[in-house]
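To keep things clear, I will list the structure first and then write my remarks on it.
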Amino acid sequence: METQAPTIAPLKASLQAILQDLPLLYPELTLGLGVLLVLLGALLIPRSWRNEGLAVLSLLVIAASAYMLLYKGLPAEPVHLLARTLQLDKMAVAFRLLVLLSGLLAVLLSFREGKKLAGEYYALLLGLLMAAMLMSMASNLLLIYLSIETASICAYLLTAFSGGREGAEAGLKYLLFGAVASAIMLYGMSLLYGFTGTLDITAYGFKSGLMSLNIPILPVLLAAFLVLAGFLFKISVVPFHLWTPDAYQGAPLPAAALFSTAPKLAGLALMMRFLSHFLEAGIIFAGLRFDWQFILGLLAIITMLVGNLAAVWQQDARRLLAYSSIAHSGLLLAAVLVFRALGYKALLFYGFVYILMNFAAFLLVSMLKAETGSYKIADYRGLGSRLSYSSVLMVVVMIALTGLPPTAGFTAKLLVFSALWEGYSSGGSSMLLYLLLTGLATTVVALFYYLKIPYYLYLKKQPEAVVQVEGSTVLERILAGALALLLVLFFFRADWVMNWIEAFTISQ
Amino acid sequence: MAAGVLLLPLLGALLVLLLRGRGHWLMIGFQAVALLISVYLFSRLWPGNSDAATISPALTHARWNWFTPGAGYPFTLGIWLTIPAALLLVVVNGVALLVQLFSVVYMWKDPGFNRYFSFLGFFVFAMLGIVLADNLFLIFCFWEGVGLASYLLIGFWFNKPQAAAAAKKAFLVNRVGDIGFLIALLIFYAQFRTLDLAALFQLMPASYIQSGDWQAVWSGAAGALPAILLTVAGFGLLMGAIGKSAQFPLQIWLPDAMEGPTPVSALLHAATMVAAGVYLLSRVFPLLTPMVLDITAFIGATTAFMGAFAAFAQHDIKKVLAFSTISQLGYMVMGMGAGAYDAALFHLLTHAFFKAGLFLSAGAVIYALHEAAHRRHTHFDAQDMRNMGGLRRKLPFTFVIYLLCMLALAGLPFLSGFLSKDAILTGTMGWASVARKQWGILAWLVPLAGFTTALLTPIYMGRQLFLVFFGYNRLSDGNEVSYGAIREVPMLMRFPLLVLALLSLGIWFSFDAFDFQGAWPMRLLQLPQVAVPGSLTEYQAANRLFDIREAAFRYHTFTGVVSAILVLMGLLLAYLIYHLFNGRGSFYNNKFVFRSRITRLSYSNWHLDAIYRRTVIAFGLGLMHFANWLDRKVIDRLVDLLGMSGVVFGHVVYWFDRTFIDGAVQVSVWVAGQAGHFSRSMSGRVQQYLLIMLACMMAIILWMFF
């Protein structure tokens, strides 16, 4: 009896604290509720308009979530939520908004693809979004693991969701690969817990545990690297990228577009959060600070090289986009490694523009698939004269992905490069310079494979009269046009995006 | 709200392009809404409906700041809804709507159906821009937009070489006029540092002419230009109008423009676009000096006569109408120049309806013949009047419509054309009686040309009427079978025809069929206050205009009677020459060609094309040949020399490049290629994937430890 009394009182207090925190988590709760609603809707809505109904429902849920986030979920200053498992600051808000934006675009893309799929597809999309949003806030090893795992499981299911041999194979590969990656991460986490006795990476105990002289430095580094491996898997950085092309090829197109944005950006957020706490601890390590910038920079360089060089040989538009997304991961990782406000701003800008151009590219590939019935780039021969609208937009988007003016893709790359230069010239590691040089060199390589598509569209002759399978819809044309227009607009008015980013810059 | 009217057609045009199915309903829907809004706006401006105090300035004149140049006023963009603008708004939107309805059937089988509607929408947008813009620069922009729309629509069937050539010709000839417009813009901007019309109307009277200089007062500073530039600017604006409204000497593009689809001819090249020149003159009327106005009157009179004469000997049903359009535009320009501002705009209004009606009837005839040829698998030129005749029995509805519109054009009393033409003629009489102080006997040439044209108009229109609808059918050479297959056009085509024919009746405009003074457009349109400064010795422009209008009153009855007689005489002559003494049309068969000198002069439009070919174009080509010679023999030689030395140097560089630099590039390409091959070579086996990943991780960890 006596032993119970002290434990009940803190439990009650912490339960109350959790309840008080809930309003700040309404965006995630809305998405969770949305998952249930969509599942219910999949049962109730008649088959004839199920896909449209569920898509509209998902859009409403995402809009509601964004509303909650913007009007209810902004704390005045960084707070810890749910018994210190989440850390809600401006960075988390920015990344959650990006996640919601990519979710919105993914649902808009699903109007065509969703027809072939069961209604649970939308539930999984929303689940993935919710997990990605939690990832960008998680500050507790347990919750980090849980949110990554939730996102991964949703992604495995989505990959295999289109059914058929291709999807099932890709899903299984993704699952096996992901399982190994999360086992590795879990092992690293358990080591960290063993060293520190706490799961909360923001806690003082975490730092002091790592600083303790009883523990040799190398196991700590090993554990940290194992945890980072889990994150790198989500961001698809070499050598954890191998699942990417198969998954993108097998998954429904909107889901593939979503994989390359939402979980990736959330993974980057998680990585920034983890590294910032870990480095803080590392600094106090009696001069034994390990150069994370160097090892991660090396991985980023290899990622850029592998992604771009492998993309040159791709014949399938989806695989090409998969390797392109790997290449972009390298550059995004480079922006993280600047470790400064400038790099953080460049990352947000790049992330925002990357969402726009990536979804535009996937959308256009989907539209051309609807027109030609093929994902093969060789089958785009001579379409420029027949499908002038989609072809012109494709050229704009490809130029944006390459990073050339006059598109926002150029501005984004420029910001990352100038952040790298700024970091290097103000006394940073020379790794930043290597990153900058690799980025420039691979941009030239990127020109080859991105412009291969316009090359086929315009400079190759169409072999014979191609039978039109099904046309693209007005919604798709308007959406593609709007995305391409935004890509050009944000080149000329980059300040509009920058103003928005300024509002989400970490002040400390 | 007016901005809404402006943007609706553009929005429609853009959406139609995106649409996969047929988009006419979308465009027509937008157009109908635009028409409703315009009618509402017009009713708001109608005097008596709401007194001036309740019409908010926001409704009539809205401005947005664009940018502020270093010196002068901020550059604004705006919409200025005056009464003529509101009237034109209704006319443009109304005719556009009817033409679009007509086009649904006419263009149904065309593969470029959506493109066609999109172009029409874009045209309406640009045209409304001219009507509404409050700023000369903005007007110029829309002016060019209209030119582009015209180019696109004339060349709509760009696979036909004649259509492509006609589009190019129209575009180039219009540019000549636009140069004048641009010069006027530059002069006004240099003088007043603004192109805003309302501001110009304020600044212009404040400027004055002193000892040969034109002094302007703006923003406290004073600018001065030579006085002649005031007149030059007016001429520039006039040149713009001459180009767009196909006036002498630039009228050569309009007949060729008939290569476009017939509904396009009805909308652009009869009712609205070509009237833009006349509208421009009305918009800038206060800025024109008496000298410019007088020249305008002479040019208009010349064009009216030349157009009417050229309309005589044409085979193509549309060409007759094209020349008649030139002639009628000449009337409007003549009226504008003679100070009959309201009469010219009135004629623009009535002409828009009956000429659109005529073109659409011609379109209906062409459509019916085309369909008939299609049904009987024959082939003949469905626009050549030599293949027509006797169509009254096959196309009774079209015939009635055509008859009404044609009589309105001829200027028969009780129809709209009589009223407006009468008003212009009266105006020119008044002008001549005042202008004879400067021009002497020459001044009377203007009303003389007007009256001659009034006689010629019923003759050539009567010719067309008798040759197309009366007498025997002249299809031959195995095409006769098609005559039996001619059917009246579908209902959707008939509706616009009917509306336009009804609008050609005089009763809508004035209860008293002989009194144009009482017609509502004449009462509605107020003569604007003339703003140009006059030197002290010269007679003030405003007073002169006042005298002209007073003098015109005296000729009211005279012109009414004379023109009515001329019309009846003309119709009678047409009946005698082209029907009764022409074997009821049977002599005009497909072997018929114009032989006599005078008919050839008419057929070839006064040999204008040939004259231009021998003078302007020959000169241009000569200059080009000379430049070509200079380029080849002189400049190229130099370049060759330079090039030779370059080649020698190049060989050296080439050798260096091949040996050293290419080697490096090839090595790096080979390395990149191999790397790419390696990184994509692992495909398929998940065990292999995991192995690679773990091996890499181990390598990194080992590296971390040591």
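Using a 10 Å Cβ count of at most 15 others and DSSP loop calls, identify the longest part of chain A lacking such GluC sites (Glu not before Pro).
Excluding the exposed sites themselves, the longest stretch runs over A:3-463.
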Check: Mind checking the log10 I(q)/I(0) for segment A:90-184 at q = 0.12, 0.22, 0.23 Å⁻¹? Debye, one equal scatterer per Cα, no solvent, two decimals.
Finding: -0.42, -1.16, -1.20
Checklist line | Square roots of five times the Cα gyration tensor eigenvalues for the protein assembly as shown, Å | finding: 74, 33, 32
Notebook entry, point to check: Helix B:161-192 versus the longest principal axis of chain B: what angle, 0 to 90°, nearest 10, using Cα atoms?
Noted result: 80
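What's the longest piece of chain B with no exposed GluC sites (Glu not before Pro), counting a site as exposed if DSSP puts it in a loop and it has at most 16 other beta carbons within 10 Å?
After excluding every exposed loop site, the longest remaining stretch is B:1-479.
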Check: What is the sum of charges around B:Pro263, taking Lys and Arg as +1, Asp and Glu as -1, for the other residues whose C-beta is under 15 Å from the C-beta of B:Pro263?
Finding: +3
Notebook entry, point to check: Within the accessible area of chain B, what % is carbon and sulfur when the probe is 1.4 Å and the other protein chains stay in place?
Noted result: 70
Notebook entry, point to check: All other residues with a Cβ under 10 Å from the Cβ of B:Val593 taken together, and with Lys, Arg as +1 and Asp, Glu as -1, what is their net charge?
Noted result: +4
Notebook entry, point to check: Regarding segment B:114-234, what are the three Cα extents along the principal axes, ordered largest first, in Å?
Noted result: 58, 24, 15
Check: Relative to the isolated chain, which residues of segment A:144-176 have their accessible area cut by 10 Å² or more in the presence of all protein chains (1.4 Å probe, heavy atoms, no ligands or nucleic acids)?
Finding: A:Lys173, A:Leu176
Checklist line | Heavy-atom accessible area order for B:Arg584, A:Arg319, B:Arg193, largest first, 1.4 Å probe | finding: B:Arg584, B:Arg193, A:Arg319
Check: Taking K and R as +1 and D and E as -1, what net charge do the other residues with C-beta under 13 Å from the C-beta of A:Glu470 add up to?
Finding: +2
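Using a 1.4 angstrom probe, figure out how much accessible area the protein assembly as shown has per residue, in square angstrom, rounded to the nearest whole.
Ligands and nucleic acids excluded, the result is 40 Å² per residue.
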Notebook entry, point to check: In straight Cα distance, which lysines are under 27 Å from A:Lys173, not counting same-chain residues fewer than 8 positions off?
Noted result: A:Lys115, A:Lys116, A:Lys234, A:Lys264, A:Lys369, A:Lys376
Note to self: Over chain A, what portion of Cα pair distances is larger than 32 Å, expressed as a whole percent?
What the structure shows: 41
Item checked: Between 0 and 90°, nearest 10: helix A:217-235 axis offset from chain A longest Cα axis -> 30
Margin query: Can you give me the angle between helix A:90-113 and the longest principal axis of chain A, using Cα atoms only, in degrees from 0 to 90, rounded to the nearest 10?
Written below: 30
Item checked: Gyration tensor over alpha-carbon atoms, segment B:178-313, equivalent ellipsoid semi-axes in Å -> 34, 16, 11
Next item on the list: Compare the peptides A:391-398, B:430-437 by average per-residue count of other Cβ atoms within 10 angstrom and give them in order, highest first.
Entry: A:391-398, B:430-437
Notebook entry, point to check: Per residue of the protein assembly as shown, what 222 nm ellipticity follows from adding -39500 (n - 2.57) for every DSSP H run with n ≥ 4, rounded to the nearest 500?
Noted result: -23500 deg cm²/dmol
Checklist line | Span from the segment A:256-274 Cα centroid across to the segment B:315-366 one, whole angstrom | finding: 68
Margin query: At 1.4 Å probe size, with the rest of the protein present, what percent of the exposed accessible area of chain A is carbon and sulfur atoms?
Written below: 69
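Using the Cα gyration tensor of segment B:422-508, with a ≥ b ≥ c the square roots of its eigenvalues, what is the shape: rounded (a/c below 1.5), prolate (a/b larger than b/c) or oblate (neither)?
Details: a/c = 5.42, a/b = 2.13, b/c = 2.54.
The shape class here is oblate.
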Notebook entry, point to check: Kirkwood hydrodynamic radius of segment B:482-585 from all distinct Cα pairs, in Å?
Noted result: 19.1
Checklist line | Accessible surface buried upon B-A contact (total; probe 1.4 Å; Å², nearest 100) | finding: 2800
Checklist line | Residues of segment B:6-20 buried by at least 30 Å² on assembly (accessible area, 1.4 Å probe, chain alone as reference) | finding: B:Leu18, B:Arg20
Next item on the list: Please report, in Å, the Rg and the Dmax of segment A:228-357, where both are computed over Cα atoms only.
Entry: 15.1, 52
Next item on the list: Would you check the accessible area of A:Thr196, probe 1.4 Å, heavy atoms only, in square angstrom rounded to 10?
Entry: 20
Check: Comparing the chain by itself with all protein chains present, which residues of segment A:469-499 are at least 50 Å² less accessible (probe 1.4 Å)?
Finding: A:Arg477
Next item on the list: List, largest first, the extents of the alpha carbons of chain B along their principal axes, each in whole Å.
Entry: 114, 78, 64
Next item on the list: Could you tell me the distance between the Cα centroids of segment A:168-192 and segment B:110-133, to the nearest Å?
Entry: 60
Check: Along the positive direction of the dipole of segment A:342-508 (beta-carbon charges: Lys, Arg +1; Asp, Glu -1; about the Cα centre), which of A:Phe352, A:Leu436, A:Trp496 reaches farthest?
Finding: A:Leu436
Next item on the list: Could you please tell me the mean projected area of the C-alpha convex hull for segment A:342-508, averaged over all directions and given in square nanometres to one decimal?
Entry: 10.8
Margin query: Please list A:Phe491, B:Phe587 from largest to smallest accessible area, probe radius 1.4 Å, with all protein chains kept in place.
Written below: B:Phe587, A:Phe491
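The values are calculated or read from the model by the stated rules, or taken from the named source; none is laboratory data. Everything numeric here is computed off the predicted structure, so don't read it as measured data. For neighbour counting, all protein chains shown are included, and Cβ atoms are generated from backbone atoms with ideal geometry for every residue, glycine included. Surface areas here come from the heavy atoms of the whole protein model, side chains and all, with no ligands, DNA or RNA. Shrake-Rupley method; radii C 1.70, N 1.55, O 1.52, S 1.80 Å.
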